[in-house]
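The values are calculated or read from the model by the stated rules, or taken from the named source; none is laboratory data. For clarity, every value in this text was computed on a predicted model and none was experimentally measured. Cβ sites come from the backbone with ideal geometry, for glycine too, and all protein chains shown count toward neighbours.
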């Protein structure tokens with residue numbers, strides 16, 4: 001069975017890994033210039049490098065829906081530059097997962113597939129998706145929602161190690177980003193970890209750099225350019241996060257439940 005996942009950032013990648021390991025073929029869509037900060041655990045990096053690997057799962061950049069289907073037959077996740085998600089109609093997937101995390105729906109509809117799942121705020125079950133999955137850290141993280149939308153975006157990151165907004169690394173100016181540290185490095189509060197021109201970006205807390213934009217990424221003042229994890233576990237930088245795993249489990253549950261409700265076998269396979 002084929003699943004189309006919109007977005008290929010770290011959270012979407014965690015979802016894709018869960019689905020892939022559960023036996024599904026996965027095609028992901030991305031923008032032409034992804035701004036994922038957790039580069040080490042995101043299939044979006046295939047857009048820049050033609051290939052990516054996360055936890056032993058390989059992804060490859062493809063150019064067309066036909067190439068995407070062929071790629072999945074080789075045991076890989078396919079990544080397609082298609083910010084509008086136009087490939088969905090050609091792929092005829094059994095399920096669509098919108099994990100763009102735009103805080104609003106950018107065009108996903110319940111008619112896109114037999115099972116359509118919205119991830120995070122911006123979706124309303126029964127209106128633009130069959131089910132939504134909560135992404136806000138806390139008691140309901142990963143919960144499948146059938147009769148209400150996910151919690152609205154607060155603008156404040158979830159608490160990790162007692163820190164929220166302090167964990168973020170934000171671009172200090174407009175221009176081209178230059179990292180001065182690497183993902184996995186331990187940094188101290190006040191340490192310079194990047195720059196834009198002569199403007200320096202400093203860590204607000206001590207911890208491990210978990211995410212950092214690639215060199216040359218265009219940024220604007222206040223744009224998220226990275227994050228620091230106060231738990232200081234370097235290995236966490238190179239594996240799917242607890243949050244992404246929880247959300248991935250919710251997505252899998254939502255898809256299976258919806259197919260069960262509809263008695264769906266495989267739209268994609270049946271149409272071929």
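Step by step: first the residues of the range 137-188, then only those that are in contact (Cβ under 8 Å) with a residue 12 or more places away in the chain and part of a helix (DSSP H, G or I), then the one that is farthest from residue 225 (Cα to Cα). Which residue is that?
Among them, the one singled out is 166.
Could you please find all residues in the range 164-184 being over 16 Å from residue 221 (Cβ atoms), out of contact with any helix residue (DSSP H, G or I) (no Cβ under 8 Å at 6 or more places or on another chain) and buried (at least 19 other Cβ atoms within 10 Å of the Cβ)?
Those that are over 16 Å from residue 221 (Cβ atoms), out of contact with any helix residue (DSSP H, G or I) (no Cβ under 8 Å at 6 or more places or on another chain) and buried (at least 19 other Cβ atoms within 10 Å of the Cβ): 167, 179, 181.
Looking at residue 139 and the list (1) touching a helix residue (DSSP H, G or I) at 6+ places or on another chain (Cβ under 9 Å); (2) loosely packed, with under 14 Cβ neighbours inside 10 Å, which single condition is not satisfied?
The number of the failed condition is (1).
Going through 219, 209, 196 one at a time, which residue ends up being within 24 Å of residue 45 (Cα to Cα), more than 25 Å from the chain's Cα centre (by Cα) and either touching a residue at least 12 places away in the same chain (Cβ under 8 Å) or not assigned by TED's automatic domain parsing to the domain that holds residue 95 (or both)? Don't jump to the end; show me each part of the working.
Details: 219 fails: more than 25 Å from the chain's Cα centre (by Cα); 209 fails: more than 25 Å from the chain's Cα centre (by Cα).
So the residue among 219, 209, 196 that is within 24 Å of residue 45 (Cα to Cα), more than 25 Å from the chain's Cα centre (by Cα) and either touching a residue at least 12 places away in the same chain (Cβ under 8 Å) or not assigned by TED's automatic domain parsing to the domain that holds residue 95 (or both) is 196.
I'm checking my understanding of the structure. Among residues of the range 75-93 that are without any contact (Cβ under 8 Å) to a residue 24 or more places away in the chain and assigned to a loop (DSSP other than H, G, I, E, B), which one is farthest from the chain's Cα centre (by Cα)?
First, pick out the residues of the range 75-93 that are without any contact (Cβ under 8 Å) to a residue 24 or more places away in the chain: 75-76, 84, 86, 89.
Checking which are assigned to a loop (DSSP other than H, G, I, E, B) leaves us with 75-76, 84, 86.
Numbers: 75: 20, 76: 17, 84: 16, 86: 19 Å.
Ranking the qualifying residues of the range 75-93, first place goes to 75.
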